[in-house]
1. Being farther than 18 Å from residue A:84 by Cβ, within 14 Å of chain B (Cβ to nearest Cβ) and either in contact (Cβ under 8 Å) with a residue 24 or more places away in the chain or in a strand (DSSP E or B) (or both) is the filter here, so list the residues in region A:37-63 that pass it.
2. Yes or no: region B:9-22 includes at least one residue that is surrounded by fewer than 17 Cβ atoms within 10 Å (Cβ to Cβ) and away from chain A (no Cβ under 12 Å).
3. Hey, can you tell me all the residues within region B:80-115 that are assigned to a strand (DSSP E or B), crowded, with 20+ Cβ neighbours inside 10 Å and either of a type in the set (A, V, I, L, M, F, W, C) or within 14 Å of another protein chain (Cβ to nearest Cβ) (or both)?
4. Considering region A:99-144 alone, what residues qualify as being closer than 19 Å to residue B:16 by Cα, part of a loop (DSSP other than H, G, I, E, B) and among the small types (Gly, Ala, Ser)?
5. Would you mind finding the one in A:119, A:30, A:128 that is within 14 Å of chain B (Cβ to nearest Cβ) and surrounded by fewer than 14 Cβ atoms within 10 Å (Cβ to Cβ)?
6. Residues in region A:118-127: is at least one closer than 19 Å to residue A:31 by Cα and without any contact (Cβ under 8 Å) to a residue 60 or more places away in the chain?
7. Under 7 Å between Cβ atoms, at least 6 apart or on separate chains: pull out the pairs that start in region B:41-65 with a residue that is away from chain A (no Cβ under 14 Å) and end on any residue that is among the small types (Gly, Ala, Ser) and part of a loop (DSSP other than H, G, I, E, B).
8. One residue is enough: does region A:89-96 have a residue meeting the conditions within 14 Å of chain B (Cβ to nearest Cβ), closer than 22 Å to residue A:61 by Cα and not in a helix (DSSP H, G or I)?
Amino acid sequence: MALRPPISDTDHIQGNPDAIIELVEYGDYQCPHCGRAYPIIKNIQKELGDKLKLVFRDFPLEKAHPQALMAAVASEAADNQGKFWDMHDMLFENQRRLNRSALVEYATTLSLDIVRFEQDLADETIAQKVKDEFYSGMRSGVNATPTFFINGEKYEGSWEGDDLLVYLLDRFA
Amino acid sequence: MILAFYPADWSPVCGDQMALYNEMLQYFRKFNAQLVGISVDGKWCHMSFSKDRGFHFPLLADFEPKGAVSKMYESYDEAVGESRRALYVLDEDGIIRWNHLSPVGINPGADGIMDALEEIDQRKNS
């Protein structure tokens, strides 16, 4: 299945914007599988360097993971202060503590403006943006987290261990 | 009405699929659609699974006579004695408007259900 909507300026993009490989992850900060995928993706970024552009989109399963939505909102709030990826890393590295006070603590560690961060945390429009991302992911065929898209097409293979890296190296070497 | 037949409580793919549908309830509700999950697991197993995962929709036990409803919907796997992973969307008159059978181990997601609900809605309003 194809990714809709395609990648745009409103996405969170890391790496070379003109890379030949565009890897999109739909993830949930409270999902243990995403937590396991986190170092795997970091390693793929390291191995592929300039060949890879990474995009992260939110897919919080709120009912299963009650703190996932607020964690996603925290990443967006950090984005408003130019630190999306720092917060993204912080959340996955501290996945077991994602309550509100922990989020504020992480924001403090990242030297964010806390007053603004807390305002954004309570901002319904930001929460709605995250929910819209969930919905568009679902319409693209995301059925669990993490789900990956490679150059706009859903990746159905395994991402465990070095499976995804080997797949990307084979296909794009 | 959305009927989601699935092989077994607690199995990894079913758990993911039902967790997604649990999340989707708010979107199904916009189309006045009710979801039920159906497997051959008994009611105590269903209750335990549902409580553990915090499901907000009913799970029906196609337990005795085993698989009777699944068979009516051509969604029973005789070889393993479980329901297949089949989806049905019925309209307000009880007419099946869409169905889908997933290959073994494949989570069908919710996209097809939403397409079906949108189509039924358009038909009703046209």
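1. A:61
2. Checked against the condition, which is being surrounded by fewer than 17 Cβ atoms within 10 Å (Cβ to Cβ) and away from chain A (no Cβ under 12 Å), region B:9-22 yields at least one hit.
3. B:86, B:87, B:89
4. Hits for region A:99-144 are A:140, A:141, A:144.
5. Just one listed residue meets the conditions, A:128.
6. There is at least one residue in region A:118-127 that is closer than 19 Å to residue A:31 by Cα and without any contact (Cβ under 8 Å) to a residue 60 or more places away in the chain.
7. B:41/B:8; B:61/B:42; B:63/B:42
8. No, there is no match, as no residue in region A:89-96 is within 14 Å of chain B (Cβ to nearest Cβ), closer than 22 Å to residue A:61 by Cα and not in a helix (DSSP H, G or I).
The values are calculated or read from the model by the stated rules, or taken from the named source; none is laboratory data. Please read all numbers here as calculations on a predicted model, not as lab measurements. We place every Cβ from the backbone using ideal geometry, glycine too, and count neighbours over all the protein chains shown.
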